[in-house]
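The structure appears right after this line, and notes come after that.
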Amino acid sequence: MLDEPKAVTQHLIDAVGVLDALRWSAYGLGMSSSTTTRSETARTGTRPVVLGGRFARELPELSIPWSAEAAPAPQVVALNEPLAGELGIAPAWLRGDEGIALLTGAAVPEGATPVAQAYAGHQFGGFSPRLGDGRALLLGELTDADGTLRDLHLKGSGPTPFARGGDGYAAIGPMLREYLVSEAMHALGVPTTRSLAVVATGRPVRRETVLPGAVLARIASSHLRVGTFQYVATQDDRDLLHRLTDVAIARHAPAAASAERPALALLDAVIEAQAATIARWMSIGFVHGVMNTDNMTISGETIDYGPCAFLDGYDPASVYSSIDHGGRYAYRNQPIVAEWNLARFAETLLPLIDDDLQHAIELATGALERFSAHYADAWVALMRAKLGLGEAVSDEITATLATDLLGLMEVARTDYTSTFRALATSARGGVRPDVLESAAGEAWAERWLALEPHADAMDRVNPVYIPRNHFVEEALGAATDGDLAPFDRLLEAVGRPLDERAGLERYAEPAPATFEPYTTYCGT
Ligand code: AMP
Ligand code: MG
């Protein structure tokens, strides 16, 4: 456990060298009192933030009312102004004292009940009956401009009763990683939780070294996970399962409410949503890295950007996480793991699907068997677009062409993102990417070009800029040392991934060969 924050700060001030002193002063840690500089800025445009407490009220068994730990010297380091706008919150207000108090959980609107949510989960295949928010809080639900409920959630807000020995905090690097990658995913059209803000807390956090602490304010269409249902399944409480299912249906699959078997219709909807999301991951070369069932949402949104990475040279066996020794969550395994996780979800719903267990199993199995067709349809549609092919080209031809190209890329280990982007140039009759230079590559190009691919349409789907691993590391390293400029530039690039822009050329470049092997870490 950490010492008292003040004692740690003092210890740091005694121990750090000049460079570290710069880092700490950048985040208001001990070297100077920078906490007042932001407070005068703006209380203009204030509209009261209204936070509902629906989850806390309707599912009290699944949460523990809890408060955030006060941040000693909060300072906004990233604020998502467009997202704030969608939520009807003035960015200037969020930067002011009251906004920062909301973003760190120091003060919540009247009537809101911040809670730590309970959930269970299969982690690398092993079941943990009690995980829950160890360092996070659901502050409540906001209603966005479309009238949709969205969770406002904090990560890194201090230990909760679910902390299980963890310190409850988060370091600034991992919170900025989640901010950056989730916003890039959103810009790439992948369903995901969103990031509203990262606020440096001014609290030192002890990891392998001592790092500046931060809180991420996250927006999600809900924080219901497969693990939430698994937790309820361990409680043997049919009424609770019913209520949880009703909440999930209301938020994510309203049409299921009027289905003959609402729980089965919910299962169908989640299977379809997850199949679509995972197909999108695969199409952009995203590796989540920790697809435990507590990290799989009911909404279909991608959640928890811990040890995630993007493919550089194409290798479907790619694994980046330092703890994924068996490669369970390797790139190519992601659809299989999703299906496995959905089977765990289906098991929890069996009592509501049918009173006759055998019949319930048959129905759930039928639903699960549809995953692969949903996934294949979504994947082919994405590949059709990436290859610039029209609807007249059959799914079969599209899938074969895509698979053959990936096979060539695997042999040559060509960069996944830039190879697809460069294909449009070939479609225009220009230079061919490296992967098409071999005899097999030429044969592939001939087959493909005969189908008259549409280069402009390809440029509308194949990104120039993704959060390449080496740039993410560069940006987070600099941010940890107090320099946010590389983070801001990378965010600017990945925020509009399709529009090639002058001045951002380096962000389109593949990683240098010296960068591999890349390793990512959980529990940060
Ligand atoms: P994650 O890898 O972020 O999905 O977290 C898995 C579980 O570990 C969740 O129950 C988290 O709340 C918990 N956890 C992760 N880091 C910490 C921490 N520093 N303190 C307390 N709980 C944590
Ligand atoms: Mg998690």
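Brief remarks on what is shown
- A search for C-beta distances below 7 Å between a residue of segment 463-481 that is farther than 12 Å from residue 312 by Cα and any residue that is open to solvent by less than 20 Å² (accessible area, probe 1.4 Å) and in a loop (DSSP other than H, G, I, E, B), counting only pairs 6+ apart in sequence or on different chains, returns 463/497; 464/497; 465/497; 465/504.
- For first residues located in segment 292-310 and in a loop (DSSP other than H, G, I, E, B), partners that are among the acidic types (Asp, Glu) and lie 6+ apart or on another chain with Cβ distances below 7 Å form the pairs 305/178.
- Residue 150 being within 16 Å of ligand 2 (Cβ to nearest atom) and either surrounded by 18 or more Cβ atoms within 10 Å (Cβ to Cβ) or not in a strand (DSSP E or B) (or both): no
- Listing of helices (runs of 4 or more DSSP H) fully contained in segment 415-474 that carry 3 or more residues being over 32 Å from the mean Cα position of the chain (by Cα): 439-449
- Qualifying residue in segment 257-277 (condition: touching a residue at least 24 places away in the same chain (Cβ under 8 Å), farther than 20 Å from residue 520 by Cβ, among the small types (Gly, Ala, Ser) and within 16 Å of ligand 2 (Cβ to nearest atom)): no
- Residues within segment 180-198 that are open to solvent by 10 Å² or more (accessible area, probe 1.4 Å) and either part of a loop (DSSP other than H, G, I, E, B) or out of contact with any His (no Cβ under 9 Å at 6 or more places or on another chain) (or both), tallied: 6
- Criterion: modelled with pLDDT of 95 or more and farther than 23 Å from residue 470 by Cα - qualifying residue of 338, 330, 317, 309: 338
- Odd one out for residue 201 among (1) within 16 Å of ligand 2 (Cβ to nearest atom); (2) part of a strand (DSSP E or B): (1)
- Evaluation of residue 139 against (1) away from ligand 2 (no atom under 16 Å from the Cβ); (2) over 16 Å from residue 63 (Cβ atoms) (one fails), failing number: (2)
- Of the residues 139, 224, the single one that is more than 10 Å from ligand 1 (Cβ to nearest atom), crowded, with 24+ Cβ neighbours inside 10 Å and under 18 Å from the mean Cα position of the chain (by Cα) is 224.
- Residue selected from segment 295-307 under the condition open to solvent by less than 10 Å² (accessible area, probe 1.4 Å) and away from ligand 2 (no atom under 12 Å from the Cβ), by the criterion nearest to residue 195 (Cα to Cα): 300
The values are calculated or read from the model by the stated rules, or taken from the named source; none is laboratory data. As the structure is a computational prediction, the values presented were derived from the model and not from experiment. Quick reminder, even Gly has a Cβ in these numbers, built from the backbone with ideal geometry, and neighbours come from all protein chains shown. Accessible surface areas use protein heavy atoms only, side chains included; no ligands, DNA or RNA. Shrake-Rupley method; radii C 1.70, N 1.55, O 1.52, S 1.80 Å.
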